[in-house]
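See structure below.
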Amino acid sequence: MERIAVFPGSFDPVTRGHESIIRRALPLFDRVIVAIGENGEKKSFFPLEKRIAWLHDLFAGEAGIEIASYSGLTVDFCQKYNARFILRGLRTAADFEFERGIGQMNKMMVPGIETVFLLCEPEYAALSSSIVRDIIRNGGDVRQFVPPGVG
Ligand code: ADP
C-alpha cells in the first residue's frame, strides 16, 4: 500500500520552515500532499490562489509532492486521498501541546490515520508565518525566512 502523507496547514505564506519539513519527509513517504486548509472563520492574509502558486513553484519537478486545498476536516481529506499519515512540524512545547490535542482527537475519529511529527531544524524554531506576515505588514525584508519569490 502506498504511503501517502498529508501535510496540512495555512501556509500563509509558506516559509523555509515548512519547506524543510516537506523535503525531510519525502524519503519517508511515497507521496506528500501539501494541503492548504481553508478555515471559514480564519481570514487569510494572502489569497488562496497565491499560496497555491508559491507552493507549486517551490516544488515544481518534485515527483513525490502534490499541492491541494480543502475545507472541512483534515481526516476526511486524508480518507478521500487514501492518506494514512498526517505530517506536522514541531517547534516548541507550545506546538506540542496544541498538536497533541488535535492529533489525539483525529486518532479517535479515524484510528487508522497516524499523525507523524518531525522536529524542526534548530534554525527554524523561531520562524512562523504569523511573524513573517507582521514583518511584511510593516515593510520589512522577509527574504531570509521564505523561499525565493514568496511574500
Ligand atoms: P496551521 O495554521 O495549521 O498552524 P501553518 O501553515 O502555520 O498551519 O503550519 C503548518 C505546519 O507546519 C504545522 O505543523 C506547523 O507546526 C509547521 N511549521 C510551521 N512553521 C514551522 C517551522 N518554522 N519549522 C517547522 N515546522 C513549522
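Carbon-plus-sulfur accessible fraction, the chain (probe radius 1.4 Å, protein heavy atoms only): 54%. Put simply, the convex hull of the Cα atoms in region 4-137 casts, on average, a shadow of 8.1 nm².
Among the lysines, select those whose C-alpha is under 27 Å from the C-alpha of LYS50, and discard any that sit fewer than 8 residues away in the same chain. Those lysines meeting the cut-off are LYS42, LYS80.
Between GLU121 and ALA53, the contour length at 0.36 nm per residue exceeds the Cα-Cα span by 22.0 nm. Around the amide H of LEU87, modelled in the peptide plane, lie the amide H atoms of VAL6, PHE7, VAL116, all under 5 Å away and 5 or more residues distant in sequence or on another chain. Distance from the C-alpha centroid of region 5-45 to that of region 94-151: 8 Å, rounded to the whole angstrom.
Place a label point 7 angstrom from the Cα of LYS80 along the Cα-to-Cβ direction, then list the residues of region 10-45 whose backbone nitrogen is under 20 Å away. It comes to 10-12, 31-44, nothing else. Potential lengthening of the chain between SER71 and VAL110 amounts to 12.3 nm, from the contour at 0.36 nm per residue minus the alpha-carbon distance.
The values are calculated or read from the model by the stated rules, or taken from the named source; none is laboratory data. Note that the structure is predicted; figures quoted are calculated from it, not measured. So basically every Cβ, Gly included, is an ideal-geometry build from the backbone, and we count neighbours across all protein chains shown. Keep in mind that these areas ignore ligands, DNA and RNA; they rest on the heavy atoms of the full protein, side chains included. Shrake-Rupley method; radii C 1.70, N 1.55, O 1.52, S 1.80 Å.
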